[in-house]
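Student: Before I ask anything, let me first share the structure, which is written out below as structure tokens.
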Amino acid sequence: MVMLNVGLNRIRDLISTDIDKGQLGTGSTVASSTNTALVSAESTTLLALDGITTSDRAIKFDYVLPSTGGTSTTYREFELQSSATPYHYDRIVFTGISFTKDGTEDINITKVYFIDQK
Amino acid sequence: MSRDTANINDQLGEDPDVFPLLNANYNEALLIEEQSTLISSHTLGSAWIVGTSTNAIVGTNTGTVSGNQQVVGDADRILTVNQVINKNNIFRERFRFNVFEDTTNTTAYWDTTNNYIKFNLNQTAQSVSVYKGNSTVIKAKLTVTSSNITASYYLSANGGSNWESVTSGTQHTFTNTGTDLRFKATTGDIYDSVLSMTQIDSMDAITDWNYTPNTTISVNSTTFKEGTGSVNVNKTGVAAAFAGINKTLGSQHDFTGKSVYLWLYVKDATEYAKLQVTGSFTFGFGNDNSNYYTWSVDKADISIGWNLIGPFNTDNISSTTGSPSLTTFDFVQARLFSVASATTWTAGSYMIDDIELVTPGTISYVQVDYV
């Protein structure tokens with residue numbers, strides 16, 4: 001059996017249409033597949049994704065926390081989610097980024113998934 | 001997704017024992033590869049926003065500038081990459097997007113439709129940060145999947161301040177360590193054997209070359225780039241403002257997906273001054289003098305001395321005469337345009353040498369493992 005690229009692209013489309021929002025948080029514990037959500041989500045950062053772009057077996061997600069949004073704090077984690085239920089797809093932990101609401105900078109996060117067969 | 005085991009046993013022969021001839025494991029697995037996450041800051045620059053002297057949300061973003069704010073004016077915004085995070089310290093580039101293309105320094109074609117970088121001669125593909133963070137990178141291994149190319153590869157651990165030559169598939173220990181990892185691939189000159197090439201004409205002789213009125217040609221066996229000579233293209237008449245040559249080649253070439261390069265020599269500043277500013281040199285390639293493509297080169301792209309001119313390909317055609325058929329090209333034309341009809345030059349002023357048909361090379365996958 002072999003998975004066809006058109007089948008992989010169907011899976012890509014299902015994922016790309018399901019994920020609709022991104023969210024930042026302040027939790028800093030190491031990311032694990034057993035996590036069920038952000039450790040310490042900041043609700044004001046739950047925003048519709050700025051862009052979802054597909055290419056062959058790949059999806060690019062663009063999230064923007066505008067300078068006018070969010071909460072002034074140091075963000076350390078990010079997730080992509082399907083917001084209706086919600087379903088939490090992933091969690092990434094990074095070195096803290098200090099953010100000032102109504103300051104002079106947005107935070108932009110770009111993330112790429114690639115679907116392949118082994 | 002599924003796992004099947006097949007045993008096919010031979011029960012023939014004198015020995016009643018059976019033994020497996022084939023023990024195959026079929027394992028189909030889907031992999032959702034979490035690629036890089038890029039975190040950056042985007043200043044508001046000098047943009048102003050309706051409703052407040054600082055910031056204001058005035059409605060749903062319509063300009064896809066950022067988030068849900070409506071920014072009026074978008075000048076001087078600066079995007080600064082803070083971090084690039086890769087799972088297990090492995091960066092993978094499959095050329096689906098331009099996220100990691102350094103558009104300032106990349107001259108090769110980062111093709112997100114065909115999912116590769118396409119290289120002609122003397123071109124560079126360079127990334128922006130493929131890792132950026134607090135950890136110092138001391139070693140890295142660049143692994144490249146390529147076709148029809150012998151490129152030179154480099155890594156920088158300090159944001160491009162120092163590029164260190166590396167070999168694909170071999171771990172490299174940095175002399176200049178840092179926290180901003182980037183990769184670069186370059187192709188060299190026509191004689192560096194970096195791409196597959198077919199010589200269209202050596203220009204060692206003037207056999208079968210035709211020339212237009214006001215033009216004479218001769219072999220220059222003193223100044224040449226390749227072989228035993230080049231061809232002087234002399235403008236000796238004053239009835240027109242160009243000197244031209246053309247030839248029907250002895251064999252046909254498939255031009256599909258390929259590029260042409262040639263060498264053009266300009267003797268000195270005095271001769272250089274005789275060139276028309278726009279469209280100083282044109283090259284034609286096609287089926288005959290009624291069906292061919294023309295490429296135009298401006299004076300600003302030509303220097304005194306030898307110039308490697310090209311690539312000429314279907315991506316950058318200046319004009320089309322008739323209906324060229326790509327698979328049977330055997331007609332070549334070159335013209336030098338002067339500032340005035342009265343302008344003339346003699347042998348040794350302008351020469352053409354070594355016309356080559358080049359097949360571009362590609363890189364379809366880049367992986368950088370680092371510690």
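Each value in this text was obtained by applying a stated rule to the coordinates, not by laboratory testing. Computed from a predicted model, the values in this text were never measured in an experiment. So basically every Cβ, Gly included, is an ideal-geometry build from the backbone, and we count neighbours across all protein chains shown.
Student: Calculated FRET efficiency, B:N307 and B:T207, Cβ-Cβ r, R0 30 Å, to nearest 0.05?
Tutor: The calculated FRET efficiency here is 0.75.
Student: Using only the alpha carbons, work out the radius of gyration and Dmax of segment A:37-78 in angstrom.
Tutor: 12.6, 38
Student: Whole number please: convex hull volume per residue, Cα atoms of the protein assembly as shown, in Å³.
Tutor: 250 Å³
Student: Next question. Need one value for A:99-109: mean number of C-beta atoms belonging to other chains within 10 Å of its residues' C-beta atoms.
Tutor: 6
Student: Work out the mean other chain Cβ neighbour count within 10 Å for the residues of A:66-75 and drop it here as an integer.
Tutor: For peptide A:66-75, the averaged partner shielding equals 4.
Student: Around B:W110, under 14 Å between beta carbons, what's the net of Lys plus Arg minus Asp minus Glu among the other residues?
Tutor: Taking every Cβ under 14 Å from that of B:W110, the sum is -1.
Student: Output the Cα-based Rg and Dmax of segment B:239-371 in Å, rounding Rg to one decimal and Dmax to a whole number.
Tutor: Calculated on Cα positions, Rg and Dmax stand at 17.1, 69 Å.
Student: Let me ask something else. Do any GluC sites (Glu not before Pro) in segment A:51-118 lie in a DSSP loop with no more than 11 other beta carbon atoms within 10 Å, and if so, which?
Tutor: Here no GluC sites (Glu not before Pro) fit, given the DSSP loop and packing criteria.
Student: Counting Lys +1, Arg +1, Asp -1, Glu -1, what net charge surrounds A:L24 among other residues with beta carbon under 9 Å of its beta carbon?
Tutor: Result for the neighbourhood of A:L24: -2.
Student: Restricting things to alpha carbons, tell me how big segment B:212-285 is in terms of Rg and Dmax, in Å.
Tutor: Taking only Cα atoms of segment B:212-285, I get Rg and Dmax of 14.2, 39 Å.
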